[in-house]
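To start, the structure under review is shown below, and the notes come after it.
The values are calculated or read from the model by the stated rules, or taken from the named source; none is laboratory data. These figures come from a predicted structure and were not determined experimentally. FYI the Cβ positions are ideal-geometry reconstructions off the backbone, even for glycines, and counts take in every protein chain you see. Just the protein is used for accessible areas: all its heavy atoms, side chains included, with ligands, DNA and RNA removed. Shrake-Rupley method; radii C 1.70, N 1.55, O 1.52, S 1.80 Å.
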Amino acid sequence: MALRRRVFTSRTEQQAQKIVIIGIDFGTSFTKVYFNQGGEVKQPIQFEVNGTKTYFLPTELYYNSSENKLYFHKNVNYEVLKYFKYSMINDDLLTSKELKLKNSTLKVKPEFFCSVYYLAYLIKAVKKEISEILKTTDIKYTINMGCPIDNFSDRNKGVYDMALSVAYQLSDVLANDGMTIGDLFSYYNSNSQKKIPNLQTIPELYAEALWFIDR
């Protein structure tokens, strides 16, 4: 009987899973992202905005009120939505009258879904960029996101925790540039109770300090 020859692969030949920490500075006007792969690769993420490479991605979406639909990429025919990062926790800040009127019956603020959709699209793009840089898709991610809270016990932290959790899940299935508030609400209802590890929201000042120390 012929014996089958066993072929052993050395550790250097095996593709080990990469461990990556993503830091998101979810800003009012601009959002910045930095990633660290085991201390070996540490760099900010570049985005293409209007044909130009930049580290500062505008924190804005585009809203088609007739379809009640959000878009990530610029469209001059749609309303520009800004400040949803704050207006989802503060009634004094208004993102859009049309957005508010169209979704007045929802039990969740429409600005919350703006943040979810924006973060989902952002995370999807960032993961794609990191995969290309590291030349692998076998990556385990941890995400730390700076948000406007005073401390780790701030009552608004739960809102941002939920937005990040739902956005991370949505990023894996987000297909096209465009999603209705209704579809976002349905996705939220189906996935908001799932516990996603390795996601954390932290106070903005704390996040900025970590960024400075890490560099």
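Before moving on, here are some points about what is shown:
- Residue in the range 143-191 that is nearest to the chain's Cα centre (by Cα), counting only those that are β-branched (Val, Ile, Thr) and assigned to a helix (DSSP H, G or I): 166
- Search result, residues across the range 105-135 that are crowded, with 17+ Cβ neighbours inside 10 Å, basic (Lys, Arg) and outside any helix (DSSP H, G or I): 109
- Single residue of the range 136-161 satisfying the filter (farther than 13 Å from residue 19 by Cα and charged (D, E, K, R)) that is surrounded by the fewest Cβ atoms within 10 Å (Cβ to Cβ): 155
- Complete set of residues in the range 191-214 that are of a type in the set (D, E, K, R), open to solvent by less than 80 Å² (accessible area, probe 1.4 Å) and at pLDDT below 60: 214
- Taking the conditions (1) closer than 20 Å to residue 160 by Cβ; (2) assigned to a helix (DSSP H, G or I) in turn, residue 92 satisfies each one other than (2).
- Checking each residue in the range 162-178 for being farther than 16 Å from residue 141 by Cα and open to solvent by 30 Å² or more (accessible area, probe 1.4 Å) picks out 162, 173, 175, 176, 177.
- Evaluation of residue 63 against (1) in contact (Cβ under 8 Å) with a residue 60 or more places away in the chain; (2) over 21 Å from residue 22 (Cα atoms); (3) in contact with a Lys or Arg (Cβ under 8 Å, 6 or more places away or on another chain) (one fails), failing number: (1)
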